[in-house]
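Here's the structure, in structure tokens; my notes come after.
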Amino acid sequence: MHENITSVRIRYADTDQMGVVYHGNYPQFFEIGRTEWLRSIQTTYKSMEKKGIMLPVISLQCSFIKPAVYDEIISIKTVLKKTPSVKAAFYHEIFNEKKELLCTGETVVAFMDANTKKPVRCPDYILEKLERKINI
């Protein structure tokens, strides 16, 4: 499926006393990856919210391989695993500047009606944008 790669410089605030990225920050990197993935298909969380669609994370998995450290630039690779329905599953890989794999993870988001707070199918306009982008 469609993938996107986003680069981020590790800030001092991202690190712990040992000088490595605190483990609780990796879900934020995954969110950056998902946000930029959406931009890569010409949409945003903000535009979806204006249309009444929310995307809460309903599942998160993360495996640590090597630490990221202060001031290095990491690459967040985000891949949509399959065509979304009520849920969308994303696979993530984070690499350092040496192209070493630091972390893998998966997030699953649900499409939710902002008013009713109930699950809904992926909006057609998202599927159309995805189809145009990758020719499903």
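The values are calculated or read from the model by the stated rules, or taken from the named source; none is laboratory data. Worth saying up front: this structure is predicted, and the values here are computed from it rather than measured. Positions of Cβ are generated from backbone atoms using ideal geometry, with glycine treated the same way; all protein chains shown enter the neighbour counts. In case anyone asks, the SASA skips ligands and DNA or RNA and just uses the protein heavy atoms, side chains included. Shrake-Rupley method; radii C 1.70, N 1.55, O 1.52, S 1.80 Å.
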> For the range 63-102, what class follows from the C-alpha gyration tensor (a ≥ b ≥ c being the square roots of its eigenvalues): rounded when a/c is under 1.5, otherwise prolate if a/b is larger than b/c, else oblate?
Replying inline: prolate
> Where does the charge balance sit around Val69 when Lys and Arg score +1, Asp and Glu -1, over other residues with C-beta under 12 Å from its C-beta?
Replying inline: -2
>> Apply the Karplus curve 6.51 cos²θ - 1.76 cosθ + 1.60, θ = phi - 60°, to the phi angles in the range 11-20 and return the couplings in whole Hz, x for Gly and Pro.
In response: 8, 4, 5, 7, 9, 9, 5, 8, x, 10
> Over the range 87-136, what percent of the accessible surface lies on carbon and sulfur atoms, probe 1.4 Å?
Replying inline: 49 percent
> Any idea of the accessible area per residue across the range 1-117, 1.4 Å probe, to the nearest Å²?
Replying inline: 55 Å²
> For the chain, what's the relative contact order in percent, using C-alpha pairs closer than 8 Å and at least 6 residues apart?
Replying inline: 29 percent
> Using θ = phi - 60° and the Karplus curve 6.51 cos²θ - 1.76 cosθ + 1.60, what whole-Hz ³J(HN,Hα) does each residue of the range 57-66 get, with Gly and Pro shown as x?
Replying inline: 6, 10, 7, 9, 9, 8, 10, 9, 10, 9
> Going down the table (Lys46/Lys98; Lys98/Lys129; Lys51/Lys81; Lys46/Lys133; Lys46/Lys82), which pairs top 30 Å between alpha carbons?
Replying inline: Lys46/Lys98; Lys98/Lys129
>> With an 8 Å Cα cut-off and a minimum separation of 6 or more residues, compute the relative contact order for the range 1-73 in percent.
In response: 51 percent
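Which number do you get for Rg(Cα) / (2.2 N^0.38 Å) in the chain?
My calculation over the Cα atoms of the chain gives 1.10.
What length, rounded to one decimal in nm, is gained on full extension from Ile5 through to Asp124, with 0.36 nm per residue of separation minus their alpha-carbon distance?
Contour length minus Cα-Cα distance gives 40.4 nm.
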